[in-house]
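The values are calculated or read from the model by the stated rules, or taken from the named source; none is laboratory data. All figures in this text were calculated on a predicted structure; none of them were measured in a lab. Note that each Cβ is placed from the backbone with ideal geometry, even for glycine, and that neighbours are counted across all protein chains shown. The area values use the complete protein model at the heavy-atom level, side chains included, leaving out ligands, DNA and RNA. Shrake-Rupley method; radii C 1.70, N 1.55, O 1.52, S 1.80 Å.
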Amino acid sequence: MAAAMPQKKFYRQRAHSNPLADHTFSDPICPDQMDWPSLYPSYQVEKGHGVQFLDIGCGYGGLLIKLSPLFPDTYMMGMEIRVKVSDYVKERITALRANNPGKYDNVAVVRTNAMKYLPNYFKKGQLKKLFFLYPDPHFKKTKHKQRILSPTLLAEYAYVLAVEGLVYTVTDVEEVHLWMKGHLNDHPLFEEVALESLSNDVILKFLGDCTEEGQKVSRNNGQKFTAIFRRIDSISSE
């Protein structure tokens, strides 16, 4: 008997969550203290380099589920601050694994605040791809400090991302698009990648529509703004 997939209507939660507020999480003290096998049934660190793809603010897990079969040998993880939404993704992955033995073992989600605890999970240069899809725009100027991309946070992203690793950003808010591009362009360890040069990147083909938010934008005939940046070596940036 097939495992039942979770229904989103039971896991709905308001779209906005204050990342600066105090929440209760179970984060590791450092990457070496993380119990990765508890998330990945077939986890073997010697097989590769641990988690290499990270979706920050993964929502209902659309990107992760899409990437899992395309990169079966790559461990990938989503970080989500909202408790009900992260619970939905966990249940979704559990059901997919039960219905597809041997598949989706490379994908997992944790409930945490990436703005505070990212270095607790990942070592320097561990990640190859970092995704920010339809991040909370925090429209009010007084709340811009809550945006997931800022000069301070970019230092942490540069730390965990390997040289030549890619940062993917998508939003339907042009002002947020320009904000993210501006801060990434200003940072000495990132350079923008022309989208035309990534014509063979399979991820780029579905990046804007793989999430619930992206599908909503498509239904409303909204605009989508995409920008991709490469982590560069500090020497080459001089």
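Here is how the numbers come out for the structure above:
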| quantity | calculated |
| --- | --- |
| Sulfur and carbon atoms: percent of accessible area, segment 115-217 [1.4 Å] | 55 percent |
| Sequence of Glu213, Glu174 from largest to smallest accessible area, 1.4 Å probe | Glu174, Glu213 |
| For segment 92-212, accessible area per residue (1.4 Å probe, heavy atoms of protein chains only), Å² | 45 Å² |
| Most fluctuating residue given options Val176, Val167, Val202, as computed from a GNM of the chain linking Cα atoms under 10 Å | Val202 |
| 25 °C / 0.890 mPa s Stokes-Einstein diffusion coefficient of segment 115-223, Kirkwood radius on C-alpha pairs, µm²/s | 163 µm²/s |
| 222 nm mean residue ellipticity, helices alone, for the chain (DSSP H n ≥ 4; -39,500 (n - 2.57); rounded to 500) | -8000 deg cm²/dmol |
| Positive-pole candidate from Leu184, Val173, Gly214, dipole of segment 171-220, charges at beta carbon | Gly214 |
| Gyration tensor verdict on segment 142-198 (Cα atoms; rounded if a/c is under 1.5, prolate if a/b is larger than b/c, oblate otherwise) | oblate |
| Solvent accessible area, Å² - Cys30, 1.4 Å probe, full protein context | 50 Å² |
| Student exercise, segment 88-222 dipole from Lys, Arg, Asp, Glu Cβ charges, in Debye to nearest 20 | 660 debye |
| Percentage relative contact order, segment 44-146, counting C-alpha pairs under 8 Å, at least six apart | 34 percent |
| Segment 124-223: relative contact order as a whole-number percent, Cα under 8 Å and 6+ apart | 31 percent |
| Rel. contact order, % - alpha carbon contacts under 8 angstrom, at least six apart, the chain | 21 percent |
| Anchor Lys145: lysines whose Cα lies under 19 Å away (excluding residues fewer than 8 positions away in-chain) | Lys116, Lys181 |
| Exposure of Trp179 as accessible area (Å², to 10), given a probe of 1.4 Å and all protein chains | 60 Å² |
